[in-house]
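The block underneath contains the structure these notes are about, expressed in structure tokens.
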Amino acid sequence: MPADHPATAPARSAAENEVVQLCSELIRFESVNTGDPATIGDGEARAARYLQDKLEEVGYETTYLEAAPGRGNVICRLAGADRSRGALLVHGHVDVVPANPAEWTVDPFSGAVQDGFVWGRGAVDMKGMVAMSVAVARQLKAEGVVPPRDIVFAFMSDEEAGSAYGAQWLVENHPQLFDGVTEAISEVGGFSVPLDDTRRAYLVAAAEKGVAWATLTADGTAGHGSMVHEDNAVTRVAEAVARLGRHEFPITRTATVDAFLARITELTGLEFPEDDLLGAVGKLGPVARMVNATLRNTANPTMLQAGYKANVIPSTAQATVDCRVLPGSQDTFREQIQEIVGDGITIDWTWLKPLEYPFEGSLVDAMSAALRAEDPDGHPVPYMLSGGTDNKAFDDLGIAGYGFSPMRLPADLDFSALFHGVDERVPVDSLMFGTRVLNRLLRAG
């Protein structure tokens with residue numbers, strides 16, 4: 001070939017050719033999960049039915065189930081060559097958090113494709129990954145690929161509010177759908193962060209903090225707002241919230257965080273001394289926000305509820321606190337919170353356990369190989385997710401779940417800020433990259 005003749009770009013796969021359209025069309029389903037069943041429509045069901053149609057179109061036999069009207073879940077299985085080997089679960093959720101259109105540059109449910117991005121609520125969390133998974137699933141089935149082991153694909157409702165109508169409900173009521181599954185991949189991991197001008201780390205979630213939503217309740221004596229009043233429930237709960245909101249939990253090192261810091265030191269030479277750990281982590285750039293959240297337990301007040309009239313002192317006041325709990329500290333955390341808020345406050349808990357798995361084994365090796373095949377300057381690094389995913393529900397079935405939604409991202413994109421953020425969007429090139437990585441991973445098993 002003459003030197004001035006342009007090289008022919010590799011032909012795109014069938015999955016690459018449709019992943020952007022799948023992502024855009026999924027975003028157009030307003031599958032908003034407010035957390036209140038009374039205000040949730042049928043968006044999750046319509047999104048799940050859309051995926052069901054896409055899967056059945058290429059020959060999958062699917063199972064569609066609703067935990068309640070409108071709360072759709074769809075599951076299918078691709079048979080592998082070795083049916084005795086542990087199966088791999090590839091899962092995602094179709095629900096999204098609310099979005100205020102007045103704050104956005106584009107309609108958050110338009111699925112607009114512009115400026116090199118797919119825009120809209122759920123583009124990052126997590127309809128982009130769902131689109132990549134379905135695109136690859138469709139290609140594998142259409143081509144008659146028999147992977148080394150069974151692959152189960154599951155797309156579910158209600159992840160954004162605790163999974164009671166999605167993964168947790170399926171685990172409790174239809175565990176047979178996941179027979180033989182030993183490992184899983186889903187959100188939030190496999191995305192790149194720059195190490196320098198040429199190299200990238202790909203953060204793979206090998207652990208998750210626990211989710212502990214605490215409802216604090218203070219009781220008092222009702223009365224007239226004009227009177228001297230020493231038994232005020234609003235005052236009592238406000239003081240408890242202030243104590244908890246100002247409390248700084250101690251730094252606690254976990255195995256996954258230590259593995260992350262050690263790998264970053266190996267790759268960059270940056271050291272993380274005990275006497276200036278936060279300062280050293282701050283040098284990591286935007287990802288420092290995510291890492292800092294995994295160095296300690298946290299408790300952030302998020303909601304207050306009390307009273308019904310300006311001149312009436314109510315008898316009850318409540319506050320909601322979003323607590324995130326490190327692996328290994330869950331046995332003592334509730335007692336610590338009760339001690340901080342003090343007497344006279346009752347606490348009701350919604351509790352989702354922390355997770356932590358070894359960053360080793362055949363699946364980790366396969367994920368690493370698939371990433372390096374598409375980005376030779378990429379380096380898989382384990383990290384802990386400060387939030388929670390449906391992997392918590394599948395852990396009840398003995399399934400080890402990793403955060404692996406592979407995306408090579410622009411170095412200047414503050415990816416973590418897009419989760420639940422205004423102008424949520426995913427780069428088109430990142431969807432293409434992730435589709436290629438997933439295709440390699442699922443074919444290799």
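Here, each number is a calculation from the coordinates, and none is a lab measurement. Not measured: the values here are computed from a predicted model. Here the Cβ positions follow ideal geometry from the backbone for every residue, glycine too, while neighbour counts run over all protein chains shown.
General observations
- Modelled FRET efficiency - R0 25 Å, Ala444 with Glu360, Cβ distances, 0.05 increments: 0.90
- Paramagnetic reach from Trp349 (point 7 Å along Cα→Cβ, amide N under 12 Å) across the stretch 322-339: 323-326, 329-339
- Distance from the C-alpha centroid of the stretch 35-67 to that of the stretch 168-191: 17 Å, rounded to the whole angstrom.
- Straight-line cross-link reach from Lys392 at under 15 Å between alpha-carbon atoms covers these aspartates and glutamates, not counting any fewer than eight positions away in the same chain: Asp158, Glu159, Glu160, Glu172, Glu183, Glu187, Glu208, Glu356.
- Secondary-structure-derived ellipticity at 222 nm for the chain, considering helices only, amounts to -9500 deg cm²/dmol, per-run term -39500 (n - 2.57) for DSSP H runs with n ≥ 4.
- Distance between the pseudo-spin-label points of Gln338 and Asp231 (7 Å out from Cα toward the beta carbon): 2.3 nm.
- The dipole here belongs to the stretch 154-252: it is taken about the Cα centre, uses +1 on the Cβ of Lys and Arg and -1 on the Cβ of Asp and Glu, and is about 300 debye.
- Between Thr316 and Glu103, full extension at 0.36 nm per residue minus the direct alpha carbon distance yields a gain of 73.2 nm.
- Calculated FRET value between Leu267 and Arg243, using beta carbons and R₀ = 35 Å, to 0.05: 0.30
- Rounded FRET efficiency, nearest 0.05, which uses the C-beta distance separating Tyr64 from Ala11 and R0 of 25 Å: 0.15
- In a reduced charge model with +1 at each Lys and Arg Cβ and -1 at each Asp and Glu Cβ, the chain shows a dipole moment near 540 debye about its Cα centre.
- Shape of the stretch 277-342, Cα gyration tensor, a/c cut at 1.5: oblate
- Peptides 325-332, 431-438 ordered by average Cβ neighbours within 10 Å, highest first: 431-438, 325-332
- Look at the Cα gyration tensor of the stretch 1-129: its axes a ≥ b ≥ c give a/c of at least 1.5 with a/b at or below b/c, and that counts as oblate.
- With respect to the chain, whose longest principal axis is taken over its alpha-carbon atoms, helix 233-246 is tilted by about 50°.
- Taking the average, over residues, of other Cβ atoms within 10 Å as the packing measure, peptides 181-188, 100-107 rank 181-188, 100-107 from highest down.
- Fully extended contour minus Cα-Cα distance, from Leu418 to Arg49, at 0.36 nm per residue: 130.2 nm
- Under 23 Å from the Cα of Lys54 - lysines, other chains or at least 8 residues apart: Lys127, Lys141
- About the centre of its Cα atoms, the stretch 208-352 shows a dipole size close to 460 debye [charges on the beta carbon of Lys, Arg (+1) and Asp, Glu (-1) only; nearest 20 debye].
- Contour minus Cα-Cα distance for Leu304 and Thr215 (0.36 nm per residue): 31.1 nm
- Global form of the stretch 371-445, assessed from the alpha-carbon gyration tensor, a/c cut-off 1.5: oblate
- Label reach from Thr182 (point 7 Å along Cα→C-beta): in the stretch 376-402, amide nitrogens under 14 Å belong to 398-401.
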